[in-house]
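Working notes, beginning with the structure itself.
Nothing in this text is a laboratory measurement; each read-out follows from the coordinates by a stated rule. No experiment lies behind these values; they were computed from the predicted model shown. All Cβ positions, even for glycine, are placed from backbone atoms using ideal geometry, and neighbour counts span all protein chains on display.
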Amino acid sequence: MSTQIDKIFASLILLTVFIISSLSWLVLRTLQEGRKALKERNKD
């Protein structure tokens, strides 16, 4: 029973890390694109 709970706990931790890293990547990517768009807009 204890090993099954440990496996579930490890899976939840890995899933949480994956979700957080994916969201962070998406936010950083969006900010980077926004900066590029602002630079292009200011040039015109």
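Quick look at the values:
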quantity	calculated
Approximate spin-label separation LEU26-ARG41, in nm, with each point projected 7 Å along Cα-to-Cβ	2.2
Coarse-grained scattering of the chain at q = 0.22 Å⁻¹, given as base-10 log I(q)/I(0) from a Debye sum over alpha-carbon atoms	-0.74
Ranked list, fewest to most other Cβ atoms within 10 Å of each Cβ, for THR3, THR30	THR3, THR30
Extension reserve of the SER2-LEU14 stretch, reckoned as 0.36 nm per residue once the Cα distance is removed	2.5 nm
